[in-house]
Amino acid sequence: MSEAKKISELKRKPDWIRVKAPVSKGYHETRKLMRGLKLNTVCEEAACPNIGECWTKKHTTVMILGDTCTRACRFCNIKTGKGNPVDPDEPAHVAEMVAVTQMKHIVITSVDRDDLDDGGADQFVKVIAAIRETSPETTIEILTPDFRNKPGALETVIAAKPDVFNHNLETVPRLYTRIRPGARYFHSLNLLSRVKEIDPEIFTKSGIMVGLGEEEVEILQVMDDMRSADIDFMTIGQYLQPTKKHVDVEEFIKPDQFLKFKTRAKAKGFLHVSSSPLTRSSHHASEDFEVLKAARIEQLSKQANINHQDAPIDIDEMKKHNPNYEF
Ligand code: SF4
């Protein structure tokens, strides 16, 4: 087989990656709603392979602060350039979308806004407040940029008390200069660690893509680093090359290898792990939030048993320290 043929075989998506074209009625309704409210989504901008499945169920990941990112990561399909003006109507539009779709759990992300003094933190806070006002039962997950060189931005967002704080490490540290040149691995890790230090009630979450040329031992090290930062939930998914301009897929990792990663990560103590070829940060986020809550309750009750030996578990005491969770 010629070298060119070998390369094209390597890049052809294997069967376990192929997804159906988005054609459902629910998909088209979601699309119309997002267009009407002038909302961007990472589902479309990042060319997510799960869009047919998610939008049929009216599950979207809203991307605030415009459609243009001030960084240029080599894996990401989002347009790069000068940031758009911040839209003062955006928080109300996001809240309206959540109310119309009656979402139980919403994921809000943003482009990187290195051009703004606060990196966009204030807009995250406004969006969270607007959703809480109109849909107080909806739980909120945010997937933020790294707020690098934006003093106070992280603390501002934490004070708004999202239910889940997600920030993706994206890849192993060795590949940062090639894949994520504007970011720093230990800065991102530290950001997640700080969330837990400041507000231990907020669930923390982070993910990596695989198939970029990382070694297994490096992935295991990332898992250990995440546990050192007390991250609750890890996601692992296959990198897919959005266009020829983006970095190549080095390898399509087989589904059984994703299962092995999941087993290893669970053994390291994460409350929850999602690891599969099509895992994305926000895929099944609502269902995963329920799993996280249940896992925390189980963990707390185990700790209570260890701490009190033969003494009965004091449910009232657990409720007092975890007012947001149903026991
Ligand atoms: S996995 Fe996330 S980004 Fe992809 S379509 Fe679903 S909600 Fe959107």
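Quick check on region 252-263. Is at least one of its residues in contact with a helix residue (DSSP H, G or I) (Cβ under 8 Å, 6 or more places away or on another chain), free of Cβ contacts under 8 Å to residues at least 60 places away in the same chain and part of a helix (DSSP H, G or I)?
Yes: region 252-263 contains one or more residues that are in contact with a helix residue (DSSP H, G or I) (Cβ under 8 Å, 6 or more places away or on another chain), free of Cβ contacts under 8 Å to residues at least 60 places away in the same chain and part of a helix (DSSP H, G or I).
Can you tell me how many residues in region 175-221 are in contact (Cβ under 8 Å) with a residue 40 or more places away in the chain, in a helix (DSSP H, G or I) and among the aliphatic types (A, V, I, L, M)?
7
So, restricting to helices (runs of 4 or more DSSP H) that lie completely within region 1-120, which ones have at least 2 residues that are acidic (Asp, Glu) and within 16 Å of the ligand (Cβ to nearest atom)?
In region 1-120, the matching helices (runs of 4 or more DSSP H) lie at 42-45.
What pairs come up if the first residue lies in region 54-77 and is of a type in the set (D, E, K, R), the second is crowded, with 20+ Cβ neighbours inside 10 Å and in a strand (DSSP E or B), and their beta carbons are under 6 Å apart, counting only those six or more places apart or on different chains?
Note: pairs meeting the criteria are 67/40.
The rows are residues; the columns are (1) more than 20 Å from residue 119 (Cα to Cα); (2) among the charged types (D, E, K, R); (3) modelled with pLDDT of 95 or more.
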residue: 8; (1), (2), (3): yes, no, no
residue: 22; (1), (2), (3): yes, no, no
residue: 34; (1), (2), (3): yes, no, yes
residue: 44; (1), (2), (3): yes, yes, no
residue: 49; (1), (2), (3): yes, no, no
residue: 60; (1), (2), (3): yes, no, yes
residue: 64; (1), (2), (3): no, no, yes
residue: 74; (1), (2), (3): yes, yes, no
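Could you tell me which of the residues 281, 274 is modelled with pLDDT under 95, closer than 26 Å to residue 236 by Cβ and among the hydroxyl-bearing types (Ser, Thr, Tyr)?
Of the residues listed, the single one that is modelled with pLDDT under 95, closer than 26 Å to residue 236 by Cβ and among the hydroxyl-bearing types (Ser, Thr, Tyr) is 281.
Out of everything in region 158-172 that is touching a residue at least 40 places away in the same chain (Cβ under 8 Å) and not β-branched (Val, Ile, Thr), what residue ends up being farthest from residue 280 (Cα to Cα)?
161
Would you check which residues across region 156-182 are surrounded by fewer than 20 Cβ atoms within 10 Å (Cβ to Cβ) and touching a Cys at 6+ places or on another chain (Cβ under 8 Å) and list them?
181, 182
Does residue 205 satisfy the criteria of being crowded, with 21+ Cβ neighbours inside 10 Å and under 23 Å from residue 109 (Cβ atoms)?
Yes, satisfied.
Residue by residue, here is whether (1) closer than 25 Å to residue 204 by Cβ; (2) surrounded by fewer than 23 Cβ atoms within 10 Å (Cβ to Cβ); (3) under 17 Å from the mean Cα position of the chain (by Cα) holds:
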{"position": "60", "(1), (2), (3)": "yes, no, yes"}
{"position": "73", "(1), (2), (3)": "yes, yes, yes"}
{"position": "87", "(1), (2), (3)": "no, yes, no"}
{"position": "92", "(1), (2), (3)": "no, yes, no"}
{"position": "104", "(1), (2), (3)": "yes, yes, yes"}
{"position": "110", "(1), (2), (3)": "yes, no, yes"}
{"position": "124", "(1), (2), (3)": "yes, no, yes"}
{"position": "143", "(1), (2), (3)": "yes, no, yes"}
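Just to be sure before I move on: is residue 304 more than 16 Å from the ligand (Cβ to nearest atom), surrounded by 14 or more Cβ atoms within 10 Å (Cβ to Cβ) and either at pLDDT below 95 or part of a loop (DSSP other than H, G, I, E, B) (or both) in the structure I sent?
Criteria met by residue 304.
The values are calculated or read from the model by the stated rules, or taken from the named source; none is laboratory data. Remember, predicted model here, so these are calculated numbers, not experimental data. With ideal geometry, Cβ positions are generated from the backbone for all residues, glycine too; neighbour counts draw on all protein chains shown.
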